[in-house]
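All remarks here apply to the structure that follows.
The values are calculated or read from the model by the stated rules, or taken from the named source; none is laboratory data. What you are looking at is a predicted structure, and each value in this text was computed from that prediction instead of being measured. Note that each Cβ is placed from the backbone with ideal geometry, even for glycine, and that neighbours are counted across all protein chains shown.
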Amino acid sequence: MRLTLTKREVLRGGVGLAGAAILAPLAAPGPMVRPAYAAPTIDTPAPGFTGTDSEGGTHSLADYRGRVVILEWTNHQCPYVQKHYGTGNMQALQREAADAGHVWLSVISSAPGLQGHVEPGRANALTAERNAAPSAVILDPSGDIGRLYDARTTPHMYVIDPAGTLVYRGGIDDRPTARWSDVEGATNHVRQALADLAAGRPVATPVTRPYGCSVKYGSGDS
Amino acid sequence: MRQISVKGFGWRVSVKGFANLPKDLRRAAIALIPLWLLVVCLPVAAGATDARVATENVTATLVSETRAVRPGATVMVGLHQDIRAGWHTYWKNPGDSGEATDIDWQLPEGVTVGPIQWPAPHRIPYDPLVNYGYEGEVLLASAVQVPADWPVGEPVRLQAEATWLVCADVCIPEQGSFSLEIPTVADPPLADPVWAPAFAAARAALPVDLPWPADAAVGPETVRLMVAAGDWRQTRPADVHFFPDSWGVIDHAGDQQVTQSDAGLALAMPVGSAPPVERLTGVLVVAEELDGGTVRRAFAVDAPIADAAAGGGVAPGAGPGVAGLTGMEGEVAGAAGGPGLVLALGLALIGGILLNLMPCVFPVLSMKAMGLVRHAQAGRGVILRDAGAYTAGVLAAFAAVAGALLAVKAGGAQIGWGFQLQSPVVVLLLAYLLFAVGLSLSGMLTVGNRLSGLGSGLASRSGPSGAFFTGVLATVVATPCTAPFMGAAVGFALTQHWAVALLVFQALGLGLALPYVALGLWPGLLRRLPRPGPWMDRLKQALAFPMYLSAAWLLWVLGRQTGVDGLAAALVGLVLIGFAVWLWRIAGETDRLWSRVSTALAALALVGALGVMAPLSQARSPSDAGDSGRAAAGAQETAWEPYSPARLAALRDEGRPVFVNMTAAWCITCLVNEQVALSSPAVLDAMEQAGIVYLKGDWTNRDPEITALLESFGRSGVPLYVFYPAGTGGDSTPRVLPQILTESVVRDALGLG
């Protein structure tokens with residue numbers, strides 16, 4: 001009954017056809033003002049980038065072809081990041097990755113003045129204090145790398161295989177809370193993805209919900 | 001660091017810095033809370049206690065809707081969060097980041113609790129992300145069921161551990177332990193005067209089942225949701241937004257493009273990151289500007305996802321034709337912020353240029369183009385001057401339209417441009433105008449000074465004033481053609497600062513004027529125009545036919561609005577105009593006496609043509625009545641009578657109870673209220689048994705009798721629901737119902753029990 005076309009509806013249709021071509025551009029303002037970033041696609045080449053680390057060194061994704069690369073977006077003041085560093089969860093995963101010969105890049109995309117933004121010296125101190133073991137801490141205060149990867153939360157994790165293909169993006173595990181007690185018993189998606197890679201299997205769960213604080217991008221060039 | 005103080009019937013713990021405590025200490029503190037509670041609550045045996053945890057950012061309180069509960073019944077219990085300004089907590093799907101509030105209950109044996117009934121969320125942007133949650137305050141309620149064998153007098157003691165994340169630009173996880181004792185009684189308990197209103201508000205914000213069928217399709221880029229709300233003729237700006245139940249189904253931060261067609265509403269949303277789902281579930285929120293503020297309605301959506309091969313196309317069963325209609329005219333501005341200013345101006349400019357091709361505008365422009373041909377030898381200065389005057393005319397007219405819209409907006413009424421076409425009188429006058437212009441083009445009527453007031457005469461004058469009025473005329477004539485499709489621009493403009501709105505309209509106008517200006521700036525183009533000659537007359541005569549067609553189209557519109565009687569009256573009016581034109585010619589060709597007689601008769605005929613409009617102003621659309629009746633009454637076709645002041649007065653004199661519903665096809669709140677609350681057989685039966693007469697007025701065409709009633713209640717728009725209880729005079733004071741109805745609201749207000 002509700003789907004029956006009434007005369008008025010037919011009228012509107014006629015009116016619509018007459019004017020559609022004319023005003024279609026007016027009617028479709030939406031897509032053109034979308035922010036100019038999009039999530040990188042699984043099973044396609046991970047977007048290339050070059051970043052500067054807290055020691056002043058330069059890292060290009062292309063340099064690490066042939067090795068597994070893990071990207072970790074982080075913000076030491078975010079309670080969700082604190083959950084994984086406070087419990088030692090993140091450091092343990094970093095060490096496992098290092099032992100396997102993988103490259104672990106922690107990325108800080110917080111803009112100056114916003115939560116989690118650090119100068120190089122502070123970044124190194126944080127690594128030492130927390131006994132963390134990343135290969136390098138990339139400082140991305142412009143947010144360029146973050147936007148390139150559509151990093152939304154801290155933590156937000158990405159795994160890139162030796163061929164440079166993105167094979168995982170999402171949360172670190174399946175317990176989207178800030179409760180420290182939830183680390184135990186959680187399924188760590190990154191560990192699973194690395195295990196799949198090591199075993200030569202396709203990553204079983206390539207996309208999950210990232211959870212945590214929002215990445216504190218500056219508003220300048222978004 | 002931590003303060004505890006007993007306050008009234010509750011207790012207060014400030015947990016500033018709580019989250020920063022070492023884990024073990026925090027756990028210990030939490031474990032101690034029930035002990036404190038016991039100590040504090042024991043003396044307060046008189047009634048239910050509430051438990052409150054106040055942090056810097058959230059004051060959270062565990063509350064119940066009634067002061068007591070009857071064994072075997074349910075009681076609504078909820079966590080009320082009073083959130084610091086600028087901060088927010090999260091919905092069940094928090095969006096791009098964040099975390100939903102979680103309540104972990106510890107209940108006495110036999111007592112059960114339902115899931116959180118989440119009020120509709122709000123979109124909380126944090127560039128470039130978007131979160132879903134709540135600002136200000138929110139009540140997360142659940143139904144608690146007390147077993148029938150629970151001993152009366154023994155209070156039900158509820159305990160809950162709640163965690164929530166509260167964020168501004170930074171996020172703070174917070175938690176609290178709550179306890180609530182609800183006395184049990186044998187009789188139906190009284191509402192808690194403090195918290196019942198909060199529960200009522202939360203209930204009003206709960207999604208109701210979508211009263212229309214919905215379909216979804218997922219393509220590689222786009223998720224489409226189609227809602228068959230074809231009976232909603234939306235003419236005013238409204239905010240439509242879909243919130244998916246789970247993460248990643250759509251790109252939360254992406255713009256949602258809303259279009260409306262005969263098939264209903266269609267939302268196009270960029271696809272999210274999560275793996276495909278089988279059904280699209282979530283909440284569709286429609287915010288509509290009504291008399292008295294914004295009304296937000298939330299609908300629970302559970303739509304099957306059509307074959308993915310459809311590739312984000314049209315839902316099956318939507319029918320042919322719909323493919324062309326969906327997505328072409330967006331009468332609802334993009335809910336996610338709308339176009340940016342530069343983009344809006346650019347689009348308005350393009351839209352304006354394209355307006356030149358509209359059937360209503362093109363002939364007028366052509367007339368002026370012919371004028372240009374004539375002036376081709378006149379030199380660049382003249383042409384430029386005319387082009388400038390034409391542009392000024394268009395811009396002035398658009399400024400006037402924008403100014404009027406803004407004035408009305410400032411006056412408090414949010415209107416859509418489409419209202420012009422909703423008046424049959426306006427439609428008929430435009431049909432007359434176009435018919436007369438057609439006759440003029442056909443050579444039946446020499447439009448000189450006589451009809452100069454009708455615009456086309458002004459427009460065909462030479463010199464800058466002629467060009468100026470051509471510009472004005474082009475705009476005026478464009479309005480009826482564009483009205484139904486201008487929603488996006490108007491919607492955008494009306495929601496913006498007045499200066500922005502004015503700019504958008506000026507850009508539209510500039511676009512309309514641009515081809516003419518181009519001719520002025522590059523006379524080379526002009527030279528490419530053909531040389532004057534007899535073809536011009538033929539062209540002029542040919543241009544009459546689009547005019548007649550436009551008139552025919554307008555008559556069709558009129559016929560839809562007023563039925564065959566109105567259409568017949570309009571046709572007689574056209575004949576009278578033709579008659580008057582003929583007499584006019586005679587007047588010009590004969591001697592003085594006949595000339596006077598003819599002129600007098602012509603004037604009489606014109607008066608007659610205008611006279612046929614009189615009944616139209618009150619005419620009601622038969623199809624509208626049919627639509628509304630079908631929508632509301634369903635099987636109960638005789639459930640209501642059409643409203644008339646006489647009928648209402650008669651019923652009131654008899655002392656009969658009357659329920660009046662003032663609605664309109666373009667008011668979605670009205671339609672939803674009818675479907676959700678007023679068309680249920682139970683309500684209609686109860687009304688019938690109570691002897692309540694249900695009168696319904698359809699304001700789709702702005703019936704003045706309904707306007708009068710609205711005004712008598714201080715309203716300037718629909719919906720309006722009034723209940724006149726039984727009795728006469730002072731015994732029966734009319735009671736106005738809220739703008740959002742539920743079955744229980746109607747039952748309570750009408751005393752249906």
Task: All helices (runs of 4 or more DSSP H) inside the range B:658-753 with 1 or more residues being more than 20 Å from the chain's Cα centre (by Cα) - done: B:681-689, B:704-712, B:743-750
TODO: Select from the range B:73-109 the residues that are touching a Lys or Arg at 6+ places or on another chain (Cβ under 9 Å) and of a type in the set (Gly, Ala, Ser) and write down the one among them that is modelled with the highest pLDDT.
DONE: B:100
- [ ] Run down B:705, B:637 and say which single residue is charged (D, E, K, R) and either closer than 18 Å to residue B:562 by Cβ or at pLDDT 85 or above (or both).
- [x] B:705
TODO: Take the residues in the range A:173-218 that are small (Gly, Ala, Ser) and free of Cβ contacts under 8 Å to residues at least 40 places away in the same chain, then tell me which one is surrounded by the fewest Cβ atoms within 10 Å (Cβ to Cβ).
DONE: A:200
Open item on the list: When the residues of the range A:179-196 are narrowed to those that are within 14 Å of chain B (Cβ to nearest Cβ) and not aromatic (Phe, Trp, Tyr), which ends up nearest to residue A:102 (Cα to Cα)?
Closed with: A:189
TODO: Taking residue A:137 as the residue in question, decide whether it is within 13 Å of the chain's Cα centre (by Cα) and more than 14 Å from chain B (Cβ to nearest Cβ).
DONE: no
Task: From the options B:214, B:229, B:196, residue that is over 30 Å from residue A:209 (Cα atoms) and either more than 14 Å from chain A (Cβ to nearest Cβ) or modelled with pLDDT of 85 or more (or both) - done: B:196
Open item on the list: Can you tell me which condition residue A:122 does not meet? The list is (1) within 14 Å of residue A:70 (Cα to Cα); (2) surrounded by fewer than 20 Cβ atoms within 10 Å (Cβ to Cβ), and all the others hold.
Closed with: (1)
Open item on the list: I need a count of the residues in the range B:197-207 that are out of contact with any Phe, Trp or Tyr (no Cβ under 6 Å at 6 or more places or on another chain), surrounded by 17 or more Cβ atoms within 10 Å (Cβ to Cβ) and within 20 Å of residue B:302 (Cα to Cα).
Closed with: 3
- [ ] Would you mind stating whether residue A:118 is under 13 Å from the mean Cα position of the chain (by Cα), away from chain B (no Cβ under 14 Å) and β-branched (Val, Ile, Thr)?
- [x] no
Open item on the list: Any residue that is under 18 Å from the mean Cα position of the chain (by Cα) and at pLDDT 50 or above - is there at least one of those in the range A:19-39?
Closed with: yes
- [ ] Could you please let me know if residue A:214 is touching a Gly at 6+ places or on another chain (Cβ under 8 Å) and modelled with pLDDT under 90?
- [x] no
Open item on the list: Within the range B:718-738, take every residue that is modelled with pLDDT under 85 and surrounded by 21 or more Cβ atoms within 10 Å (Cβ to Cβ) and give me the one that is nearest to residue B:201 (Cα to Cα).
Closed with: B:719
Open item on the list: When you scan the range A:67-83, do you find a residue that is out of contact with any Cys (no Cβ under 6 Å at 6 or more places or on another chain), of a type in the set (Lys, Arg) and in a loop (DSSP other than H, G, I, E, B), even just one?
Closed with: yes
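Residues checked against (1) over 44 Å from the mean Cα position of the chain (by Cα); (2) surrounded by fewer than 18 Cβ atoms within 10 Å (Cβ to Cβ); (3) within 14 Å of chain A (Cβ to nearest Cβ):
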position	(1), (2), (3)
B:128	no, no, yes
B:156	yes, no, no
B:160	no, no, no
B:170	no, yes, yes
B:173	no, no, yes
B:178	no, no, no
B:182	no, no, no
